[in-house]
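Down below is the structure, laid out as structure tokens.
The values are calculated or read from the model by the stated rules, or taken from the named source; none is laboratory data. Nothing here was measured: the structure is a model prediction, and the numbers come from that model. Backbone-built Cβ (ideal geometry, glycine too); neighbour counts: all protein chains shown. Side chains are part of the model used for accessible areas, which takes the heavy atoms of the whole protein and leaves out ligands, DNA and RNA. Shrake-Rupley method; radii C 1.70, N 1.55, O 1.52, S 1.80 Å.
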Amino acid sequence: MISANRKHPTVTLAIPTYNESLTVENVIKQFLATEYSNLIEIFVADGGSTDDTQMIVHNLSLVEPRIKLIHNPLKIQAAGKNLILQESTGEIFIIADAHSNYAPDYIEKCVEVLLKSEALNVGGAQRFVAKTPFQVSVALASKSFLGSGGAKYRDPDYNGYADTVYLGCFWRKHYLMFLDLIFHNLQMRMPN
């Protein structure tokens, strides 16, 4: 769906899931509460969850038609994202994790930065929230240079260009053109 409003392009939100019954409803409701006016669809690609994830998403979709549940038979996040890319219609594609927390204006900020920066992909900093001693250890290790490799997206105080982002927000058509280019190049290299 192409938006006539260039300040508020249409947005697809993509959430790959597997056994996220404890968090998926809260994440979806967080995004439904956005003030961004052109969030047109929220896709959940479920990898065959054995908990109540699919039932929760299905029940939410009965109340909110923008929520769409699709089956991800490969059970891999990347495969789920690719399935959503094929089904989605939004101009901008935003990836979210079902077990993460987001600022209330996450969509607005992603779209704003994508429009202003003309970057290929934008996103916020990855911040770790620890509730158990093990999670504290993982968070501390991830904040070290050894754990992060100096990745700028792991520094909540960094603002600027980075080599990668956490999750991502990008123009759907540009990504699909990139995939077509890669596929074409692979075909050209295949022996007859």
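The table below lists the values:
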| quantity | calculated |
| --- | --- |
| Of all residues making up segment 127-144, the number that are surrounded by fewer than 10 Cβ atoms within 10 Å (Cβ to Cβ) and within 22 Å of the chain's Cα centre (by Cα) | 1 |
| Hey, Val122 modelled with pLDDT of 90 or more and among the β-branched types (Val, Ile, Thr) or not | yes |
| Number of positions in segment 56-79 that are at pLDDT 95 or above and open to solvent by less than 50 Å² (accessible area, probe 1.4 Å) | 8 |
| Residue match in segment 154-163 (condition: assigned to a helix (DSSP H, G or I), farther than 24 Å from Val11 by Cβ and without any contact (Cβ under 8 Å) to a residue 40 or more places away in the chain) | yes |
| Strands (runs of 3 or more DSSP E) wholly inside segment 33-145 that include at least 1 residues being within 23 Å of Thr164 (Cβ to Cβ) | 39-46, 92-95 |
| His8 assigned to a loop (DSSP other than H, G, I, E, B), closer than 20 Å to Lys173 by Cα and either open to solvent by 30 Å² or more (accessible area, probe 1.4 Å) or touching a Phe, Trp or Tyr at 6+ places or on another chain (Cβ under 8 Å) (or both) | yes |
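One line per residue, one yes/no per condition, for (1) modelled with pLDDT under 85; (2) touching a strand residue (DSSP E or B) at 6+ places or on another chain (Cβ under 9 Å); (3) surrounded by fewer than 13 Cβ atoms within 10 Å (Cβ to Cβ); (4) among the basic types (Lys, Arg):
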| residue | (1), (2), (3), (4) |
| --- | --- |
| Glu108 | no, no, no, no |
| Ser117 | no, no, yes, no |
| Asp155 | yes, no, no, no |
| Leu176 | yes, no, no, no |
